Amino acid sequence: MKVIIVGGGKVGKTIIQSMLKEKHEVVLIDNDPDVVGNVTNLYDVMGICANGTEYEKLLEAGADKADLFISVTGSDELNMLSCFAAKKIGAHHTVARVRNSEYNTASWGFMKRQLEISMAVNPEKLAAEAIYDILKLPSATKVESFTARSFEMIEITVKKGSAIDGITLIGLRKRFNEKFLVCVVQREDEVFIPNGTFKLLSGDKIGVMVTNDDAHSILKNFGYAAKEAKDIMLVGASKTALYLADMLLKGRSSVKIIEKDPEICEEACEKLSSRATIVCGDGMSQETLLEEGINGLDALVALTDRDEENILISFYALSRKVKKVIAKVNRNELSSISENLGLETTFSPKNIVADILVRYARAIGNSIGSKVETFYSLFGGNAEALEFNVEQNFEYAGVPLKEIELKSGILIAGITRGNEALIPGGDDCICVGDKVIVIAKGERLCDLSDILKRRL
């Protein structure tokens with residue numbers, strides 16, 4: 001597919017990397033020649049210096065033939081106008097980054113229709129939603145949802161001496177009389193799609209597929225805290241923090257926000273209507289954190305604009321035995337280092353957006369043969385979770401899974417049939433009309449038939 005990206009900042013660069021991995025043809029438009037030069041030197045992309053709304057420049061970029069046009073500059077208005085111009089020129093699908101919360105649902109719906117924008121992304125809101133899901137299952141380092149939340153993929157780390165340490169997956173299924181599936185394992189730098197004889201070891205990071213109703217009880221049986229975090233401190237009153245605070249307060253959690261800028265504190269008070277406790281203070285100060293009750297917290301989320309501050313605050317919180325610590329870390333190298341040092345849960349809004357847009361790109365690829373409905377990148381992109389609709393032409397519909405030869409590195413992890421969510425076994429079948437979740441390592445899947453081993 002031909003993909004045009006307007007804006008070569010952090011989000012834009014991350015999207016470029018993701019789209020190139022997907023083997024798409026990418027064009028960057030940015031009004032800063034240094035940004036264009038830097039990106040074109042780093043990546044195999046065409047670069048054009050422009051603001052994203054100029055007719056001639058859009059034509060030069062090939063907007064009239066673009067399958068996907070994405071505008072992610074720092075200006076909501078420019079993003080929407082760029083998408084509108086590209087659509088009128090002939091771009092098939094357009095995506096705009098829209099961060100301003102003042103675009104309420106009603107007004108945005110009207111603008112989206114008038115401007116013919118296919119999709120809007122708000123990195124800060126998406127990040128808040130991801131954090132919120134983790135705080136509901138604080139033992140998890142990441143939570144991904146499928147099929148209207150019928151299934152959840154929960155990432156956890158195997159703890160030394162826990163009920164799952166040193167046990168094979170067959171033994172695990174025998175020990176616990178509940179439906180779950182360990183789908184993917186990361187051990188140091190290697191990722192596995194495990195079979196029944198695979199033995200879990202302490203330090204392994206695992207992805208467990210569960211039905212939404214069983215998530216808490218399965219984690220509890222594994223020996224992990226399953227209680228939702230309720231007493232929560234946020235450091236930094238960023239846009240993500242305000243979105244997250246609103247979600248938590250609606251869920252009846254207690255929220256305290258530490259922010260050192262007095263003006264931002266006032267804005268936070270206005271937006272949250274005094275429902276949260278807002279403290280004007282330095283989140284980097286141990287004295288401030290102690291005074292504001294860091295000891296005994298259920299969770300702390302570090303959300304300042306500086307990766308280094310978020311990391312340091314998080315490690316201090318861990319030293320004070322805070323039960324769940326989450327940090328915003330935009331630089332991938334710092335995220336990896338932090339996780340290796342014991343900070344289990346980090347997130348990056350730009351990576352969340354990139355994953356969503358890869359998912360969207362695969363979905364709109366239907367016209368060229370793709371049938372992917374949902375896509376998630378797992379364990380740093382070393383594996384994927386994909387969701388497919390089962391159509392009439394699937395040749396193994398009605399055949400027991402144990403009789404289907406799958407490619408290496410492929411696992412069928414979930415089946416949704418009507419209102420039923422099924423963790424499949426060998427005797428189960430895939431039926432026309434089902435939604436099927438597939439875990440894949442080292443294989444780019446576009447169609448459900450791509451999972452099958454072909455006989456020579």
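A short reminder: the numbers here are calculations on the coordinates, not readings from a lab. Model, not experiment: these values are computed from the prediction. Heads up, the Cβs are rebuilt from the backbone with ideal geometry, glycines too, and the neighbour counts pull from every protein chain shown.
Miscellaneous remarks
- Along the range 327-344 the Karplus relation, 6.51 cos²θ - 1.76 cosθ + 1.60 evaluated at θ = phi - 60°, assigns HN-Hα couplings of 10, 7, 9, 7, 7, 4, 5, 5, 4, 4, 4, 4, 5, 5, 8, x, 8, 5 Hz to successive residues, with x for each Gly and Pro.
- Ignoring lysines fewer than eight residues from LYS271 along the same chain, the ones with Cα atoms less than 18 angstrom from its Cα are LYS125, LYS239, LYS250, LYS256, LYS260.
- Label of the coordinate-derived value, semi-axes √(5λ) of the Cα gyration tensor in Å, listed as (1) 34, 33, 19; (2) 45, 27, 24; (3) 64, 26, 21: (1)
- Lys, Arg +1 and Asp, Glu -1 on Cβ, resulting dipole of the chain about Cα centre, debye, nearest 20: 1260 debye
- Karplus-derived 3J(HN,Hα) values for the range 241-246, using 6.51 cos²θ - 1.76 cosθ + 1.60 with θ = phi - 60°, are 4, 5, 4, 5, 4, 4 Hz; glycine and proline are entered as x.
- As a rough footprinting exposure proxy, the listed residues HIS24, HIS93 were ranked by other beta carbons within 10 Å of their own, and the order from fewest upward is HIS24, HIS93.
- Contact order normalised by residue count of the range 139-196, Cα under 8 Å, 6+ apart, percent: 20 percent
- Cross-link check: pairs LYS159/LYS321; LYS199/LYS328; LYS136/LYS174 evaluated at a Cα-Cα cut-off of 21 Å; pairs beyond the cut-off: LYS199/LYS328; LYS136/LYS174.
- For the range 1-105, the fraction of C-alpha pairs farther apart than 23 angstrom is 18 percent.
- Beta bridges assigned by DSSP with both partners in the chain are antiparallel in approximately 55 percent of cases.
- Proximal lysines relative to LYS407, as straight alpha-carbon distance under 16 Å, when same-chain residues fewer than 8 apart are discounted: LYS441, LYS453
- Karplus-based coupling profile of the range 385-393, in residue order and whole Hz: 10, 10, 10, 10, 8, 8, 9, 4, 7, with θ = phi - 60° in 6.51 cos²θ - 1.76 cosθ + 1.60 and x standing for Gly or Pro.
- Projecting the Cα atoms of ILE352, PHE375, THR53 onto the charge dipole of the chain (Cβ charges, centred on the Cα centre) puts PHE375 farthest toward the positive pole.
- Proximal aspartates and glutamates to LYS227, defined as alpha-carbon separation beneath 15 angstrom and excluding residues fewer than eight positions away on the same chain: ASP133, ASP213, ASP214, ASP298
- Sorted peptide list for 273-280, 178-185, criterion being average Cβ within 10 angstrom, highest first: 178-185, 273-280
- Scaling against 2.2 N^0.38 Å puts the C-alpha radius of gyration of the range 355-451 at 1.02.
- In terms of other Cβ atoms within 10 Å, SER377, SER314, SER217, SER139 run from fewest to most in the order SER217, SER377, SER139, SER314.
- Take every Cα pair under 8 Å whose residues are at least 6 apart in sequence, average their separation, divide by the length of the range 333-456, and the relative contact order is 24 percent.
- The mean sequence separation of alpha-carbon pairs under 8 Å and at least six residues apart, normalised by the residue count of the chain, gives a relative contact order of 11 percent.
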